[in-house]
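Presented below is the structure to which this report refers.
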Amino acid sequence: MAVQRSRRLRKKLHIDEFQELGFSVAWRFAEGTTEEQVDATLDQFINEVIDPNGLAYDGSGYLVWEGLVCLQETGKCTDEHRELVRKWLEDRNLADVQVTELFDVWWD
């Protein structure tokens, strides 16, 4: 038996039309990479991939980075977003690039 929920409750629970899909991403800089090089690469990542595509990135690291990518607004990332991020990271010769499948960022 399906549960009927009001639009307000569906929005509050981030379900149905308010579901948000994102993906995790991880990579590694080469040993000996300077702090300035790490900062410059992350600035380029944000300016060239994340912002222009309406994405948001929340992550941390130093030589090994991991984080979550989702949309800046309520919505669902696509496989095209995943491949865009993967390609950008691999084109910069970053090591151990990992991009997960899409998942519900609120409930998975």
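Tabulated data for the structure shown
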| item | result |
| --- | --- |
| Solvent exposure ordering (accessible area, 1.4 Å, most first) of TRP106, TRP27 | TRP106, TRP27 |
| Dmax and Rg, reported as Rg then Dmax, of segment 7-104 (C-alpha, Å) | 14.7, 52 |
| Segment THR74-ASP104, length gained on full extension (0.36 nm per residue, minus Cα span) | 9.6 nm |
| Helix-only CD estimate at 222 nm, as mean residue ellipticity for the chain, using -39500 (n - 2.57) per DSSP H run (n ≥ 4) | -8500 deg cm²/dmol |
| GNM top mover of LYS87, LYS12, LYS76 - the chain, alpha-carbon springs below 10 Å | LYS12 |
| Heavy-atom SASA rank of SER60, SER24 (probe 1.4 Å, accessible area, largest first) | SER60, SER24 |
| From phi via Karplus (6.51, -1.76, 1.60), per-residue ³J(HN,Hα) for segment 97-108 in Hz, x at Gly/Pro | 5, 10, 10, 7, 5, 5, 8, 6, 6, 9, 10, 9 |
| For ARG5, solvent-accessible area (1.4 Å; no DNA, RNA or ligand), Å² | 100 Å² |
| Accessible area in the full protein assembly, largest first, 1.4 Å probe, for GLU31, GLU66, GLU20 | GLU31, GLU66, GLU20 |
| Solvent exposure of the chain as accessible area per residue, Å², 1.4 Å probe | 65 Å² |
| Segment 45-58 - phi-based ³J(HN,Hα) in whole Hz, Karplus 6.51/-1.76/1.60, Gly and Pro as x | 4, 5, 6, 9, 10, 6, 4, x, 9, x, 9, 10, 10, 10 |
| Extension gain, ARG7 back to LYS87 (0.36 nm per residue minus Cα-Cα distance, nm) | 25.0 nm |
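The values are calculated or read from the model by the stated rules, or taken from the named source; none is laboratory data. Since the model is a prediction, treat every value here as computed from it, not as a measurement. Surface accessibility is based on the protein's heavy atoms, side chains included, excluding ligands, DNA and RNA. Shrake-Rupley method; radii C 1.70, N 1.55, O 1.52, S 1.80 Å.
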